[in-house]
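The values are calculated or read from the model by the stated rules, or taken from the named source; none is laboratory data. As the structure is a computational prediction, the values presented were derived from the model and not from experiment. When we count neighbours, we look across all protein chains shown, and the Cβ atoms used for this are built from the backbone with ideal geometry, even at glycine. Surface accessibility is based on the protein's heavy atoms, side chains included, excluding ligands, DNA and RNA. Shrake-Rupley method; radii C 1.70, N 1.55, O 1.52, S 1.80 Å.
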Amino acid sequence: MTLPAIAGAQVLTADEAVRLALENAPNRVFIDAPSQMAEGAVISAETWRNPVLSVEREGERGFGGDRVETTVSLERAFDFSGRRSLHADGARADLVAARAQGFVTQADLQADTLGAFYGVLAAQAELEAAERLREQFVSLEAATLQRVEAGDASRFELERVRQETLVLPGFVSEAQLNMQGARDELFIATGSERALSARIEGDLLPGTEGLATLGGANIPARLAVLEAGVEAAAARETAASRLAPEVNLGLGVRHAEGMGAETGVVVSASLPLPLFDRNQGERLARAADARLAEARLRREQRRIEAEAGALRRRAAVLHQTATDYEADALVSAREMQRIALVSYQSGEISVLEAIDALRAAFDAETRAISLKFRARQAEIALNALLAETE
């Protein structure tokens with residue numbers, strides 16, 4: 001393998017992380033298993049019931065007597081009310097719901113993966129900022145020592161800088177632990193060892209063009225699940241309202257042995273009489289299910305519209321805030337940091353002012369990272385909320 005290929009294999013992008021997560025076998029089970037179960041239910045609902053084979057043997061004085069009759073027949077239940085077809089319609093609607101739920105699960109899995117990926121990117125940026133701060137304080141301590149030796153600074157100033165320098169290794173270690181924790185979350189989402197070691201590359205701040213919108217050709221998968229549930233509940237409510245019972249029809253052959261042996265055809269029919277149980281309880285339960293399914297759909301529609309609007313506004317505001325902050329406050333803090341180091345070395349400012357400048361620049365850096373990450377999280381949540389079916 002060539003060196004460029006090795007280097008390329010060590011890079012992990014957001015798209016690649018999502019691909020790994022969606023190809024992971026256990027993750028695919030969560031996505032595919034519900035629809036496979038619903039497919040089985042459709043097959044069961046559409047399959048005709050098995051006939052019943054019955055054999056009767058009757059003798060006048062036991063089976064060794066002068067006359068023995070044997071009857072062999074096939075019997076099967078027939079639904080003339082249309083309930084079987086309606087239950088099949090309900091099962092097919094359940095299949096549509098299960099497939100839509102698969103898209104919801106896939107969207108949630110993708111959101112978890114992207115959240116973990118950009119969490120690593122944010123933790124990586126914070127670790128780099130902490131390491132830069134440590135290097136800057138090491139440089140400041142060296143500059144202070146030189147000034148002490150030259151008689152331009154007091155011993156107190158040197159010890160004050162050292163107090164900051166001694167704290168920073170622990171600060172960097174904490175950032176490293178956060179980084180490892182973020183990588184662990186990415187490993188859980190993707191199931192790939194690459195999440196633990198590959199170099200993470202991407203832009204923490206999202207673009208506004210990546211925000212999903214309502215009103216497309218397809219409805220959000222979360223609503224598709226509930227719409228299919230409404231159809232299934234309506235089919236089952238209609239089925240429960242059909243009062244005609246199933247009719248059992250049979251056809252067979254009767255053979256009489258002994259004196260006057262003969263063979264004949266037997267036709268049978270039976271049906272239950274709805275005298276006491278007229279399916280009142282089932283009708284009441286299915287009607288309530290239908291109303292509940294409709295209410296859930298309307299409530300979820302309102303919730304998605306409201307939440308999508310809030311997330312879109314949040315993403316837009318955070319994007320603009322992060323962009324403005326990086327262009328103004330962060331640039332200003334970095335310039336103040338550069339001036340402070342130069343000014344301290346020339347004796348123009350005190351060590352406390354130099355420390356404040358370094359700390360302010362670091363705070364600005366971490367705030368910029370936080371703003372970008374929060375904007376990215378809002379975009380991820382919005383796209384997951386409005387994920388559509390095919």
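Given the convex hull over the Cα atoms of the range 298-390, what projected area results after averaging over all orientations, in nm²?
Computing the convex hull of the Cα atoms and averaging its projections yields 7.7 nm².
How much accessible surface area, in Å² rounded to 10, belongs to the heavy atoms of Glu141 with a 1.4 Å probe?
Estimated to the nearest 10 Å², Glu141 gives 40 Å².
How much FRET efficiency would the formula 1/(1 + (r/R0)^6) give for Arg367 and Glu294, where r is the Cβ-Cβ distance and R0 is 35 Å, rounded to 0.05?
0.15
Would you mind calculating the gained length between Leu284 and Met37 on full extension (0.36 nm times residue separation, minus the Cα-Cα distance), in nm to one decimal?
Result: 86.2 nm gained on full extension.
Have a look at Ser268, Leu168, Met179 and report the one farthest towards the positive end of the charge dipole of the range 126-270, computed about the Cα centre with Cβ charges (Lys/Arg +1, Asp/Glu -1).
Farthest towards the positive end: Ser268.
For the range 279-285, what does the Karplus curve 6.51 cos²θ - 1.76 cosθ + 1.60, with θ = phi - 60°, yield as ³J(HN,Hα) per residue in whole Hz, taken in order and with x for Gly and Pro?
So the Karplus estimates, Gly and Pro as x, are 6, 4, x, 5, 4, 5, 5 Hz.
I'd like the trypsin sites (Lys or Arg not before Pro) in the range 220-304 restricted to DSSP loop residues with at most 14 other Cβ atoms within 10 Å, sorted by number.
For trypsin sites (Lys or Arg not before Pro) across the range 220-304 that sit outside H, G, I, E and B with at most 14 neighbouring Cβ atoms in 10 Å, the list reads Arg278.
In nm, to one decimal, how far is the Arg302 label point from the Thr213 one, both placed 7 Å along Cα→Cβ?
A separation of 2.6 nm, rounded to one decimal place.
Shape call for the range 21-100 from the C-alpha gyration tensor, a ≥ b ≥ c root eigenvalues: rounded (a/c under 1.5), prolate (a/b greater than b/c) or oblate? Numbers along the way, then the final one.
Values: a/c = 9.11, a/b = 2.80, b/c = 3.25.
In terms of gyration-tensor shape, oblate.
So how far apart, in nm, are the two label points at Ile339 and Leu177 if each is 7 Å from Cα heading toward Cβ?
The modelled label-to-label distance comes out at 3.8 nm.
Heavy-atom accessible area per residue, the chain, 1.4 Å probe: how many Å²?
Working: 22020 Å² over 390 residues.
On a per-residue basis, 56 Å².
When the Karplus curve 6.51 cos²θ - 1.76 cosθ + 1.60 is applied with θ = phi - 60°, which whole-Hz ³J(HN,Hα) does each residue of the range 144-158 get, with x for Gly and Pro?
Result, ordered by residue: 5, 4, 4, 5, 5, 5, 7, x, 9, 9, 8, 5, 4, 4, 5 Hz.
What are the residues whose amide H is under 5 Å from the amide H of Val11, where those residues sit 5 or more places off or on another chain and H is modelled from the backbone?
Arg199
Roll a 1.4 Å probe over the protein heavy atoms and report the accessible area of Thr13 in Å², nearest 10.
60
Using unit Cβ charges (K, R positive; D, E negative) and no other charged atoms, how large, in debye to the nearest 20, is the dipole of the chain about its Cα centre?
Here the chain has a charge dipole of around 1000 debye.
Round to a whole number: what % of the accessible area of the chain belongs to carbon and sulfur, probe 1.4 Å? Please list the in-between numbers first.
Details: 12210 of 22020 Å².
Carbon and sulfur together cover 55 percent of it.
Compute the angle between helix 25-46 and the longest alpha-carbon principal axis of the chain, please, reported from 0 to 90 degrees and rounded to the nearest 10.
Here the helix axis deviates by roughly 20 degrees.
Under a point-charge model restricted to the Cβ atoms of Lys and Arg (+1) and Asp and Glu (-1), what is the dipole moment magnitude of the range 265-330 relative to its Cα centre, in debye to the nearest 20?
420
Nearest 0.05, what FRET efficiency do Val72 and Arg49 give at R0 = 22 Å with Cβ-Cβ as r?
Calculated transfer efficiency: 0.65.
Of the listed values (i) 1.32; (ii) 0.95; (iii) 1.21, identify the label whose number matches Rg/Rh (Cα atoms, Kirkwood Rh) calculated from this model.
(i)
Under a crude label model (7 Å from the Cα following the beta-carbon direction), how far is Phe276 from Arg359 in nanometres?
8.4
Once fully extended, how much extra length lies between Leu243 and Gln320, figured as 0.36 nm per residue of separation less the alpha-carbon to alpha-carbon distance? Could the numbers behind the result be given before it?
Details: separation 77, 0.36 × 77 = 27.72 nm, distance 6.33 nm.
Between Leu243 and Gln320, full extension yields 21.4 nm more.
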